[in-house]
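Dumping the structure here so I can ask a few things about it.
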Amino acid sequence: MSRLSDLYKAMETLRKEGLSLNEDLERQVSELEEDIIKKEILPVVTETIEPALKQVQRELVLVVDYHPGMPISVSLSRKTNITELIDAKRLEADPEVEHKEFGPRKTKRTQIAPKTGLCIRRKDGSILQEHDAATTFTSAIIEAGLLKVRELDVKFCRINVVSTTKDKKYGHAQREVEPGLYVLTHSSTKDKKKILDKINTALKMGWKVEIMK
């Protein structure tokens with residue numbers, strides 16, 4: 001908590017001086033807050049309420065509303081699909097993936113493949129195409145629904161394409177599109193197309209995904 005406390009103090013100092021908050025500072029605070037929630041608070045909450053909830057025989061969703069310095073309120077919903085709840089998302093921490101290390105490899109002269117992009121033609125005739133394949137891929141997953149894609153459990157390098165955990169090895173290629181939700185872009189354009197095709201089929205998006213040279 002000490003690092004988080006230091007960041008809170010830095011934010012308070014900036015506010016007192018009438019200065020705008022640094023985006024990087026806000027991002028660090030958000031990441032630390034959610035890491036504490038996922039690793040320290042959720043396990044305790046689960047352990048505490050699960051025994052009491054076992055007597056309830058119908059599905060429900062509980063949403064905790066927390067405001068510092070005020071009593072916690074808990075709302076109940078009979079909508080058992082969390083994606084139907086406004087601004088609510090699952091914050092279950094994905095397990096950290098252990099990647100094999102093969103040690104140093106001999107460098108080989110390889111021909112660099114020409115840069116390619118992605119183009120997605122929607123069923124209404126409109127097109128989704130960003131300046132690079134990774135951004136188009138990320139935008140498409142957002143359009144399909146982050147939690148819906150996450151529930152498909154589509155993985156690459158053993159990591160869920162939409163993960164709640166920043167991977168130790170491939171974290172540099174994970175884009176935080178919402179607080180605590182990361183889209184993995186560490187894949188070739190060809191593999192990105194395969195992933196989007198799988199999402200398209202599963203969620204019936206009506207896309208036609210093409211690789212642009």
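If a residue has to be touching a Ser or Thr at 6+ places or on another chain (Cβ under 7 Å) and over 21 Å from residue 38 (Cα atoms) to count, how many in segment 150-188 make the cut?
Number of matching residues: 3.
Return the residue satisfying two criteria in turn: it lies in segment 76-85 and is in a loop (DSSP other than H, G, I, E, B) and surrounded by fewer than 12 Cβ atoms within 10 Å (Cβ to Cβ), and of such residues it is modelled with the lowest pLDDT.
80
Now for a different question. Inside segment 174-192, can you point out the residues that are hydrophobic (A, V, I, L, M, F, W, C) and under 20 Å from residue 211 (Cα atoms)?
183, 184
Now a separate question. Residues in segment 119-126: is at least one assigned to a helix (DSSP H, G or I), closer than 15 Å to residue 197 by Cα and not charged (D, E, K, R)?
no
The values are calculated or read from the model by the stated rules, or taken from the named source; none is laboratory data. Quick caveat: nothing in here was measured; it's all calculated off a predicted structure. Quick reminder, even Gly has a Cβ in these numbers, built from the backbone with ideal geometry, and neighbours come from all protein chains shown.
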